[in-house]
Amino acid sequence: MRIASGIPGTKRAQRLSLIAAIGIGAMTFTGCSATNPQSTTMEVAVSDGVNLNLGSLELRNVLVISKAEGSPGRVLGTFYNKADSDITLTISGAQGSQTEITVKPSMPLVLNGESDKAILSTMGAAPGAVETLELRSSGAASETATLEVPVLDGTLSEYKNMVPTAEPTSTP
């Protein structure tokens, strides 16, 4: 059954309309991804803390637990050393507070509040805010960076036992 076979240019018109339909269909299916980045290509922190790569040192899910502004703060997170030798990471916070950790090569160091002493003596931010930490690594290659980490308190049950208390001071 040839309906349009006798009309000159019909095949050309049919081909052009088919090509146009394919083009419109392709634009319809790819239109959103042409202007928006794919969410699967973005790297995000999937927990309460933040991530950073500092040379050969990978920092994952870093956050601070504190009961109030001006109180001590416990640094939590996972640190992984991709270098061949130990890396010492110095973490500096508000008012000169500082703590230091040593990360062995090819073995993750997990600061989870149970066995570590990574405590800053003074927090400049209250729970619910963001604290700016200065990081300095020393080892085979020295690196520095600034990291803004969330400050949480013991409201969430998983952090309740991790809130540091002030060290008792002796009186003369």
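Take the conditions assigned to a loop (DSSP other than H, G, I, E, B) and either closer than 25 Å to Met123 by Cα or at pLDDT below 85 (or both) and apply them to Val44. Does it pass? Considered against the rule, which asks whether it is assigned to a loop (DSSP other than H, G, I, E, B) and either closer than 25 Å to Met123 by Cα or at pLDDT below 85 (or both), Val44 comes out as yes. Do we find that Ser85 is in a loop (DSSP other than H, G, I, E, B), closer than 17 Å to Val149 by Cα and of a type in the set (S, T, N, Q) in this structure? No; evaluated as a whole, the condition is false for this residue. If only residues of the range 145-155 that are in contact (Cβ under 8 Å) with a residue 40 or more places away in the chain and under 18 Å from the mean Cα position of the chain (by Cα) are counted, the one that is nearest to Ser56 (Cα to Cα) is Ala145. Close Cβ contacts (under 8 Å, 6 or more residues apart or on different chains) running from residues in the range 111-132 that are of a type outside the set (Gly, Ala, Ser) to residues that are in a loop (DSSP other than H, G, I, E, B) and open to solvent by 40 Å² or more (accessible area, probe 1.4 Å) comprise Thr122/Gly70; Met123/Glu69; Met123/Gly70; Pro127/Lys67; Pro127/Asp153; Pro127/Thr155.
Provide a single number: the residues in the range 146-161 that are among the hydroxyl-bearing types (Ser, Thr, Tyr) and within 15 Å of Ala68 (Cβ to Cβ).
Residues in the range 146-161 being among the hydroxyl-bearing types (Ser, Thr, Tyr) and within 15 Å of Ala68 (Cβ to Cβ): 2 in total.
If you go through the range 72-90 and keep only what is open to solvent by 60 Å² or more (accessible area, probe 1.4 Å) and not charged (D, E, K, R), you end up with just Tyr80. Taking the range 114-135 as the range and being closer than 12 Å to Ile101 by Cβ, surrounded by fewer than 17 Cβ atoms within 10 Å (Cβ to Cβ) and at pLDDT 90 or above as the test, no residue passes. Quick check on the range 91-98. Is at least one of its residues surrounded by fewer than 20 Cβ atoms within 10 Å (Cβ to Cβ), of a type in the set (Ser, Thr, Tyr) and either touching an Asp or Glu at 6+ places or on another chain (Cβ under 8 Å) or in a strand (DSSP E or B) (or both)? Taking every residue of the range 91-98 in turn, at least one turns out to be surrounded by fewer than 20 Cβ atoms within 10 Å (Cβ to Cβ), of a type in the set (Ser, Thr, Tyr) and either touching an Asp or Glu at 6+ places or on another chain (Cβ under 8 Å) or in a strand (DSSP E or B) (or both). Within the range 49-97, the residues that satisfy the criterion of being farther than 22 Å from Glu114 by Cβ and among the small types (Gly, Ala, Ser) are Gly55, Ser56, Ala68, Gly70, Ala83, Ser85, Ser92, Ala94, Gly96.
The values are calculated or read from the model by the stated rules, or taken from the named source; none is laboratory data. From a predicted model like this one, the values you see are computed outputs, not experimental measurements. In this analysis, Cβ positions are derived from the backbone assuming ideal geometry, glycine residues included, and neighbour counts consider all displayed protein chains. Quick note on the areas: whole protein, heavy atoms, side chains included, nothing else; ligands and nucleic acids left out. Shrake-Rupley method; radii C 1.70, N 1.55, O 1.52, S 1.80 Å.
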